[in-house]
Amino acid sequence: MIFNSEISGEQQHTTSPVVTGGSVIALVYNGGVIVGTDTLCSYGSMAAFKNVKKIAQISKNTIYASSGEFSDFQQVVKELAKIDRSALQYDDGVHPSPKDYGNFLARLSYKKRCKINPLYLQNVIAGFHNGERYLSLVDIYGTYLESNFITTGFASYFCKAIISNYWNENCTLDQAKQVIRECFKVLFCRDCRAHDVIQLAYVDAQGAHIEEPERVETKWDFNGFKSRANEKLHTQ
Amino acid sequence: MLKHLYDTDCVTWSPQGKLFQVEYAMEAVKQGSICLGLKSNDFVVLCSLKRQPSELAGYQEKQFKIDDHMAIAIAGLTADARVLCKYMRTECLEYKYTYESHHPVGRLVFKVAEKSQHKTQSGAKRPYGVGLLVAGIDPNGVHLFETCPSGNYYEYKCQAIGSRSQAARTYFESWFHLFEKSTLEQLILHGLSALKKAIMEDEELNEKNVEVGILGKNQKFIHLNAQELKDYIVKLETFNANTQIQQE
């Protein structure tokens, strides 16, 4: 994978991201794996792009999402799609399994980290292969971890309690969806770079299903807000 | 094979549309000692006859493990085989490093074929003088491939290459319909029977000049050791393909 900076000779190193995506939450359920993200790309503290689809389908039974620098996400999607297309070139019908993609991404991230020019991403790869659920996290350093549930970004701080109280690895798809929606509700309240429109995608034996974005339920009609709004200023 | 005009290099066609250098390279494969392969639904077996250059020498090995799930048997120039073997092993290691899974067999054979073809289209190169029988297991199933110096590759249910391989192929033609459902032991005995057809009258199969390698869905590639070979050669005396039909 050759980046333009390497061709031009000006070696630049990614020290901080510019356009960033927020938390990713992924859970396994009894029939597959589900991934949720919000649809916001922030430009620093500005909520710049509010309708961004951040879950990509890599192959028939693999989906990919990440938080961090969004241009890196787009490039990784291209690189992973290239691998899937190789089946066409070799004409042998052999498609990589989700685990192959996870390991490839781990090697790629590690290589770039070693050159002090990382892919500024926390990556989540989810899939369903040969009757088995697959979910892994590849972080900015190239660390590869398989798990039953993954959270990136602020979700790691706010959402683990919700997940451990309301989710188990054999819950139904609807239960898992509710848990993720609840997590993003909390994130919208507490994470400054979060958004209330989210997108869910799941992979099961039939393949990958990416749903349309939906708005999380939020409640703003608290009495405190209403009466405060009617208070006259400078009464104290 | 007689000498021909238009055979000086690879970049010259003959008027009959042949590349003689490639054909000569395939002759080198035919001069190598026989090796054969056969597969069932679950196993692939490679059998070869090892040559001993002289009484003082050891026997030339003909089967090499590429990875846990893949092995080759060679016929032809051993030095060229070493190059291809090293290439295949490196490719498998790289694939495993990147993807943590086994290199798909057909894909590696394709890569070897590409490499071989490249040597047939250059003025300064010569084709590889070795044919490979590639045995492998991958999610698509059990495979047996043959590669040629020409850069062609073919998938087989069973195949024999090298010296007097036609005799072994004739045996296969009669009995290959039994192989799919054969047990491992039956498959090995079929392989050895075919090998027996291809040896000279004054030769005999023994544990020194026969090499048998097996590969299965749950069986990494291994060679049979000397004792196991002895036992199978003894069983060969009483093995009859006809009895297998009666069992089924």
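Other protein chain C-beta atoms within 10 Å of residue C-beta, averaged over A:85-91: 2. Taking amide hydrogens as placed 1.01 Å from N in the peptide plane, the amide H of A:PHE154 sits under 5 Å from those of A:SER23, each at least 5 positions away in sequence or on another chain.
Take the eigenvalues of the Cα gyration tensor for chain B, scale each by 5, and report the square roots as semi-axes in whole Å, largest first. Let's see the in-between values first.
Numbers: eigenvalues 178, 101, 58 Å².
Taking √(5λ) for each eigenvalue gives 30, 22, 17 Å, largest first.
For the stretch A:1-134, the calculated P(r), taken from all Cα-Cα distances in 5 Å bins from zero up to the bin holding the longest distance, is 2, 10, 18, 20, 19, 15, 10, 4, 1, 0, 0 percent.
Take B:LYS197, B:LYS181 and order them by how many other Cβ atoms sit within 10 Å, fewest up front.
Details: B:LYS197 17, B:LYS181 13.
Sorted ascending by nearby Cβ count, the order is B:LYS181, B:LYS197.
Of all aspartates and glutamates in the structure, the ones whose alpha carbon falls short of 14 Å from that of B:LYS115, not counting any fewer than 8 places away in one chain, are B:ASP80, B:GLU91. Of the trypsin sites (Lys or Arg not before Pro) found in the stretch A:49-105, those that fall in a DSSP loop while having at most 16 other beta-carbon atoms within 10 Å are A:LYS50, A:LYS53, A:LYS60. First check a/c for the stretch B:1-96, with a ≥ b ≥ c the square roots of the eigenvalues of its C-alpha gyration tensor; if it is under 1.5, answer rounded, and if not, answer prolate when a/b is larger than b/c or oblate otherwise. In terms of gyration-tensor shape, prolate.
Tell me the mean residue ellipticity at 222 nm calculated for chain A from its helices only (DSSP H runs of n ≥ 4, each -39500 (n - 2.57), averaged over every residue, nearest 500).
Values: 7 runs with 80 residues, N = 236.
Theoretical 222 nm ellipticity from helices: -10500 deg cm²/dmol.
A cut-off of 5 Å between modelled amide H atoms, ignoring neighbours fewer than 5 places along the same chain, links A:VAL19 with A:PHE70, A:SER71. Taking the centroid of alpha carbons for each part, the stretch A:69-107 and the stretch B:47-84 are 36 Å apart.
For the stretch B:42-171, the spread of Cα positions along the three principal axes, ordered from largest to smallest, is 46, 43, 31 Å. Averaging the sequence gap over all C-alpha pairs within less than 8 Å and six or more residues apart, then dividing by the number of residues, gives chain B a relative contact order of 26 percent.
Annotation note: chymotrypsin sites (Phe, Trp or Tyr not before Pro) in the stretch A:52-136 located in DSSP loop regions with a Cβ neighbour count of at most 15 within 10 Å are absent. Across the stretch B:218-225, coupling constants 3J(HN,Hα) worked out from phi with the 6.51/-1.76/1.60 Karplus curve, θ = phi - 60°, read 10, 10, 5, 5, 9, 8, 6, 7 Hz, and Gly and Pro carry x. Pairs spanning more than 23 Å between alpha-carbon atoms, out of B:LYS157/B:LYS217; A:LYS99/B:LYS65; A:LYS60/A:LYS185; B:LYS96/B:LYS181; B:LYS65/B:LYS208; B:LYS62/B:LYS86: A:LYS99/B:LYS65; A:LYS60/A:LYS185; B:LYS96/B:LYS181.
Taking amide H as placed 1.01 Å from N in the peptide plane, the amide H of A:GLY207 sits under 5 Å from none that are at least 5 places away or on another chain.
Absence of a disulfide-compatible partner, taken as no other cysteine beta carbon within less than 4.7 angstrom, is noted in chain A for A:CYS41, A:CYS114, A:CYS171, A:CYS189, A:CYS192.
Taking every alpha-carbon pair within the stretch A:109-236, the share separated by more than 26 Å comes to 38 percent.
Put in order of Cβ neighbour count within 10 Å, fewest first, the listed residues A:ASP91, B:ASP80, B:ASP202, A:ASP204 become B:ASP202, A:ASP91, A:ASP204, B:ASP80. Applying the criteria of a DSSP loop state and at most 16 other Cβ atoms within 10 Å to the GluC sites (Glu not before Pro) of the stretch B:1-80 yields B:GLU55, B:GLU61. Neighbour counts of other Cβ atoms within 10 Å put B:ARG126, A:ARG133, A:ARG190 in the fewest-to-most order A:ARG190, B:ARG126, A:ARG133. When the P(r) is computed for the stretch A:19-218, the part past 22 Å accounts for 43% of the Cα-Cα pairs.
Length, then width, then depth: along the principal axes, the Cα atoms of the protein assembly as shown run 117, 58, 41 Å. Helical runs assigned H by DSSP (4 residues or longer) give chain B a calculated mean residue ellipticity at 222 nm of -12000 deg cm²/dmol, each run adding -39500 (n - 2.57) before division by the residue total.
Bear in mind these aren't lab numbers, they're just calculated from the coordinates by the rules spelled out. All values reported here derive from a predicted model rather than from experimental measurement. Virtual Cβ from ideal backbone geometry, glycine too; neighbours counted across all protein chains shown.
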